[in-house]
Amino acid sequence: MYKKILNFCLIFLVFIYIIFEELIWEKFAKPIILFISELQISKNLTPKILSLNPYIILLIFIIPFILVELLGVYAGIIFISGHVIFGTFLYLLKIPIAALIFWFFNVTKEKLLEFTWFSFIYEKLIFLINKIKMSKAYLLIKEKTMILKKELKEEIFISKNRLKEKIVRIYRLLKNKFKL
């Protein structure tokens, strides 16, 4: 029984990670980071940022990072408490700020990794992410998610049905996949 609960939790966490990776990172955050990187102002700021003291860089990174993560937790609490639209809005509000923080991290990564404790945490986090991505659960869920994503895309974009018919077909597809 304990092992089943543990497996369910692992599958749930992996599924959430894949959803985050596919929807939030690939669709929103990554394009924002690329956009920021291409801006002339960011190209002009990069040498100035790199000339800062490592402790200043750490503060500039850590403070907004913590605030954005707290905003995400708060958005989750709001979402779970039944205020779905407001919780979603708060979470979406954090995405451009988080993208800016990731851009800053990418620019200052070498300086931040000079801190032994930061380097240790970063290496452990990368190790954990790689371990998750190589797990059977991740690979299985990723495969199933990609199949579902393809089927949904085909249903939404390829189908020439009316919107109501598309929604009904998507509902039936999801119902059959998840046995709702």
Summed side-chain charge close to residue 107 - residues other than residue 107 whose Cβ falls under 13 Å, Lys, Arg +1, Asp, Glu -1: +3
If we count every other residue with Cβ under 14 angstrom of residue 118's Cβ, Lys/Arg +1 and Asp/Glu -1, where does the sum land? 0
Using a 1.4 angstrom probe, figure out how much accessible area the range 33-159 has per residue, in square angstrom, rounded to the nearest whole. 69
With 5 Å bins from zero, work out the P(r) of the range 42-145 over every alpha carbon pair and list the percent per bin. 2, 11, 15, 15, 16, 18, 14, 7, 3, 0
Report the gain in length on full extension from residue 73 to residue 173: 0.36 nm times residue separation, minus Cα-Cα distance, nm rounded to one decimal. 32.9 nm
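The values are calculated or read from the model by the stated rules, or taken from the named source; none is laboratory data. What you see is a predicted model; the values in this text were computed from it and never measured. Cβ: placed from backbone, ideal geometry, glycine included. Neighbour counts: every protein chain shown. Areas reflect the complete protein model, heavy atoms only, side chains present, ligands, DNA and RNA absent. Shrake-Rupley method; radii C 1.70, N 1.55, O 1.52, S 1.80 Å.
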